[in-house]
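The values are calculated or read from the model by the stated rules, or taken from the named source; none is laboratory data. Bear in mind the structure is a predicted one, so any value in this text is a computation, not a measurement. Here the Cβ positions follow ideal geometry from the backbone for every residue, glycine too, while neighbour counts run over all protein chains shown.
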Amino acid sequence: SIGSEIVADMTRRLTPPGEQGLSPVRRALAICWLLAALFASQSAQGRESAGGQPRATPVNGCAGASHERLPCFEAALTPPHRVTLRWKSADPAQPVYLYDDFGVSFHDPGEQPAVCETQPGGVCEITRYLPTGGYYRWVLQGANDQGDTVHVSASLSVPAAPGPRVNIGGSPFLDAQPKQARRLTWRADETLTPCSADAERAWIEIRLPGEALWSGQRRYPRCGAQAYLDIPATALAGAGEHIYLLRDCHRPQAGGGTFCSTEVTTGFHASGAPALATIPSPDTLVDNAVRWELRRDIRFDFDTVLAYDVLGVGEPLDITYDADGGVWMVNEFSTTLEHVTPAGEVRSFTVPLGRGPRLAGRPAREVTRPFAIAMDEDVVAATAVTSLAERVMEDGALIWFTQGGGLLGKGPPGAPNHSRVVAFARNGADRPDTHYDDRLCAYNMPLADDDAAANHQVVGLAASGGRLWVGESRGLFSHTPSAISAFIPQDALCNNLLVFEQPDALASQALQFCDTHESPQQHGCMQRRVLVDLPPQLRVAHLAADPVDGKIWFTDARGGYLGRLDPRDDTDVELFAFPDPHAALAYGPEGFGGFPWTLRVDGQAVYIGEYLTRHIIRFDKQRRTFSEIAVPAASQQIMLHSLDIDTATARLWFTLTNESRLPLDRQGSTVGYIDLNAWTAHLHNPQQQAAIPAVVYRGLHRVPASNWHPLAHQAFRGIAVEPRSGRIALATMHRRQITELRPRKTFRAPLSR
């Protein structure tokens, strides 16, 4: 299929110990890049003229472009924040597709005409207003003069709006020791907008500790006697950082949209103030049995670190190895599957979507938008990119991954929010007569009797007993019971081009839920176990098949239980209540506790990772008892994201990630492991095995930055261990990379026996 696969080789290596940091060539390139970025930033600086018209930055990449140079694509900035995108493609009959490759955007330009005959030279253009300054990049998918589908990009650096000067008690830092009421004051910079401007034109926004997004509701004067926020002592009672974010927002006179400064942070402890690395709890082992080595240099145990720039759009999330040693990764806010071959080739596969009928006045047929995203409680947007792509795994010769919308139980009732489970046949063949890659097979989740909108919100996947098992969270904030479903994969149940907006689209597809007395083996249907008889707040998240008996283990994202389902009798569901849900320690939504999300299973135990409070919980399958270890981190911005087990060395690996786009510590994201043999031995005989060795690494910040996202910091999310070699693959958010660690031979021996 034309355009179904993009191949490139973009491999960089971490400098091993004893070598110089940058070669002269790389150092020169880095200096040239920095000078170019500085020049672009300085040249883009503008001021409103006396008539209120800002000067534009001219770019003429598409003007007079020959047919052999198509598609062309460019971006031009009109200060302070208006961007004009211009393009032209070689094939007028094949629409182009534009998307924002800088961050998650639900207002991407999307599908556009390839040529605009009414415009000079047939060059098309649209205007967008950027919310903040920084580095931006857009990607256009179009046709070249050979008829191939290609991707081209346009980028620019936008000078940031100046932020406010912030003080708290006479200091720019919030020292939370001792706990007492404080007054946060500020004064805005007047470069873009004077302090005398109307409050509708400019204001200060504040984001309180624990808030994940800017609400837009908490606005304050930019200067003067009312430019303050009083913080009561009760707000500073908890341990850890108290992070208040401020930004200065403007509505420029010329143009539309709101342009805000990047956030100014206040709230981390001042130098010398007592800051807790971990928050102790009665059951933690962090302060006694665990012997942490917290700053082990990654180069001691890994002689090579590779970084691959992925080609698809979105935020890297989960990752796995295949049986041949290739790496596979899924992105959220994307429709692509990423792959690095054993030889180091980087590939990207686009999952197909159906197209509806051509509408009057539209240049092309609209692509179906099966997924949904909640902007707030009442506003939901339909989108063609999936905000839930939580799992990728191999089963046989198939790579399985999930796609779904993320309403989380918010938004208006009945909003369509479909999910798909997709298989990629890595040893299959792609037919040349279709416009999509035939190795991809999309299984669309059917309609349920209790939900006409098909709001499954699929998260977990597992393979057991010849079936694929699917965890339906049904929304983390919803009151609809979760479900676990299973089906037997077969090509006849695929529908890659379903148009979800058409009436009865799902009702007419081959894959349906089983009726009473039907089974997947005999009727090709999907068996479904709705957990209606379990606690209503239970939210199924990830699944894992037991390597001993094939039973399906699942996590409860609301923090109460570990669950187990017998695939031979899905009425046999057993719950094991956590002795301590860590509700008092949580930094997320109320009622979620530590947010147990990921899990892994070996022959002896189930290991659960709590995302918010960084606990790793061990459930002994034979004794039916829990124990836990709290993983230390220097900042409460650091979360425990993913787990994987190296069975050859009995090490439980984990990722510590800082997913914030404004990290307090740009080197805070890292990896580490716990010695499972020692953990098990300590639980059975603490006198004989007194200590549990565990490591948190440093030095991964030396991995070369992405060519496409050079200013982004690392945020390691998914982790996978290749069982034969011990190689470790990491899904690296923000930089949009696949990072691979290759161990030294001496590191493959277990720490303890």
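Here are the numbers for the structure shown:
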| read-out | value |
| --- | --- |
| Number of the exception - Arg564 against (1) out of contact with any helix residue (DSSP H, G or I) (no Cβ under 8 Å at 6 or more places or on another chain); (2) touching a residue at least 24 places away in the same chain (Cβ under 8 Å); (3) under 19 Å from Val459 (Cα atoms) | (2) |
| Set Ala235, Ala275: member being farther than 30 Å from Trp400 by Cβ, in a loop (DSSP other than H, G, I, E, B) and modelled with pLDDT under 95 | Ala275 |
| The one condition in (1) more than 20 Å from Glu338 (Cα to Cα); (2) surrounded by fewer than 20 Cβ atoms within 10 Å (Cβ to Cβ); (3) touching a residue at least 60 places away in the same chain (Cβ under 8 Å) that Asp430 fails to fulfil | (1) |
| Top-ranked residue in segment 574-608 [being of a type in the set (Phe, Trp, Tyr) and at pLDDT 90 or above; ranked as nearest to the chain's Cα centre (by Cα)] | Trp597 |
| Flag if Arg247 is under 21 Å from Pro162 (Cα atoms), at pLDDT 90 or above, basic (Lys, Arg) and not in a loop (DSSP other than H, G, I, E, B) | yes |
| So Leu337, is it farther than 24 Å from Asp646 by Cβ, in contact (Cβ under 8 Å) with a residue 60 or more places away in the chain and part of a strand (DSSP E or B) | yes |
| Residues satisfying the stated conditions in segment 609-649, i.e. of a type in the set (Gly, Ala, Ser) and either assigned to a strand (DSSP E or B) or free of Cβ contacts under 8 Å to residues at least 24 places away in the same chain (or both) | Gly609, Ser627, Ala630, Ser642 |
| Gly460, sole failed condition from (1) at pLDDT 95 or above; (2) more than 18 Å from Asp491 (Cα to Cα); (3) surrounded by fewer than 24 Cβ atoms within 10 Å (Cβ to Cβ) | (3) |
| Segment 511-559, subset in a loop (DSSP other than H, G, I, E, B) and among the aliphatic types (A, V, I, L, M), residue nearest to the chain's Cα centre (by Cα) | Ala557 |
| Whichever residue in segment 464-487 is among the β-branched types (Val, Ile, Thr) and assigned to a strand (DSSP E or B) and, among such residues, is surrounded by the fewest Cβ atoms within 10 Å (Cβ to Cβ) | Ile484 |
| Boolean, Val313 is surrounded by 19 or more Cβ atoms within 10 Å (Cβ to Cβ) and either at pLDDT below 90 or part of a loop (DSSP other than H, G, I, E, B) (or both) | yes |
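Each row is one residue, and each column tells you yes or no for (1) farther than 17 Å from Ala731 by Cβ; (2) within 27 Å of the chain's Cα centre (by Cα).
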site	(1), (2)
Ser627	yes, no
Glu659	no, yes
Leu662	yes, yes
Gln667	yes, yes
Leu676	yes, no
